[in-house]
Structure formats: structure tokens, C-alpha cells
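Down below is the structure, laid out as C-alpha cells.
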Amino acid sequence: MACVPGLGRNRTKQGMAGMATTFSLNGEKRTVEAEPDTPLLWVLRDDLKLTGTKFGCGAALCGACTVHLDGEAVRSCQIQLRDVEARDVTTIEGVKGDIAAAVQAAWIKLDVVQCGYCQSGQVMAAVGLLSQIRKPTDDDINKAMDGNVCRCNTYQRIRAAIHEAAKTLPG
């Protein structure tokens with residue numbers, strides 16, 4: 001069965017009613033009616049109209065769809081709606097706090113963005129890293145950012161921005 005245009009990948013007319021799933025999205029309780037095996041990415045983009053989380057590969061290889069699930073950076077293209085029931089999801093539209101502000105300021109200061117397509121995933125991964133390790137080494141950064149693809153090759157600026165953001169955070 002082919003995808004129906006405008007319904008996202010793997011979403012078809014047959015069985016669209018789905019089931020109700022309730023979770024916290026960017027700090028607000030949300031209930032979505034969809035098939036339980038629908039990728040979170042498509043629920044965010046198609047049902048909830050939060051388009052900051054990007055579709056890149058659909059196979060968790062590029063990082064463009066990175067969101068936080070209970071504070072951990074994950075690939076939303078591989079998380080099914082059923083897996084977020086009663087959990088906390090944060091997207092680029094809802095990321096906030098001192099760490100997020102430091103990362104966003106460093107991104108601007110060091111002019112990290114080139115085309116920008118991958119940047120929401122890069123920022124979400126960087127915030128996830130700095131939430132766990134306040135003063136990361138290059139090796140920590142490489143491990144945390146591994147799999148976040150930047151076609152414009154801004155990896156050096158991304159690493160520098162993460163170090164810059166870390167400088168502004170309390171130990």
C-alpha cells in the first residue's frame with residue numbers, strides 16, 4: 001500500500017484511526033490519535049505541525065530528526081508513537097534552559113550554520129551531551145555527535161561551538 005501524500009511516510013488511509021497516545025511534548029500534555037507504530041517524527045511533523053525536527057534518512061543514520069525523550073537525545077524516525085506514552089518529548093521548538101541557551105548562543109557566535117538543514121538535530125545532540133557532561137573533551141564530543149551528518153561539513157565549527165557553550169556553564 002502506498003503512502004498517502006501529506007500523511008507522512010508509512011501512513012496510509014487504511015487504519016488511520018489508530019489509538020490515543022498521551023505524552024508530554026515540550027512541557028505540555030498532548031494526546032494524539034494515530035497508529036501506535038507510527039514513527040514519532042511523522043507525528044511531530046504531520047499531526048502536530050512541529051517542523052523543526054527534520055526528516056533526513058529515516059534509518060537513524062543522519063541525526064536530522066534528533067529529539068529528547070526523557071532528556072536523552074534519540075532519533076525520532078525510529079521511535080514509535082507507542083514508545084512515548086506517558087513520557088517526555090522535547091523538540092527543537094521546546095528546548096530551553098541554561099544549556100540550550102548556551103548552545104544556541106555559541107552557534108550564533110561561531111556562525112556554525114551553513115545551509116541549516118541538520119542544525120536542529122545537531123543542537124539537540126549538543127544539548128543532550130552538555131546535559132550529561134558539562135566540560136566535554138573532543139573525544140566526548142565526537143562520540144556524542146557521531147552519526148549527526150552535516151552535508152556542509154561544519155564539524156569543526158560544531159565542535160568549537162560545543163566547547164564555547166561549555167565554557168559558559170557552571171561546572
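Since every read-out is calculated from the coordinates, none of them should be taken as a lab result. Being a predicted model, the structure only gives us computed values, none of them experimental. Positions of Cβ are backbone-derived with ideal geometry, glycine not excepted, and every protein chain shown enters the neighbour counts.
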Nearest-20 debye value, the chain charge dipole, Cβ charges on Lys, Arg, Asp, Glu: 360 debye
Kirkwood Rh (inverse of mean 1/r, distinct Cα pairs), the stretch 29-128, angstrom: 13.7 Å
Estimated translational D of the chain in µm²/s (Stokes, Kirkwood radius over Cα pairs; 10 °C; 1.306 mPa s): 96 µm²/s
Span per principal axis, largest first, for the Cα atoms of the stretch 98-167 (Å): 28, 22, 16
Dipole moment magnitude, nearest 20 debye, the stretch 98-167 about Cα centre, only Lys, Arg, Asp, Glu C-beta charged: 80 debye
Added length on full extension, which subtracts the Cα-Cα distance from 0.36 nm per residue, C57 to D70: 2.4 nm
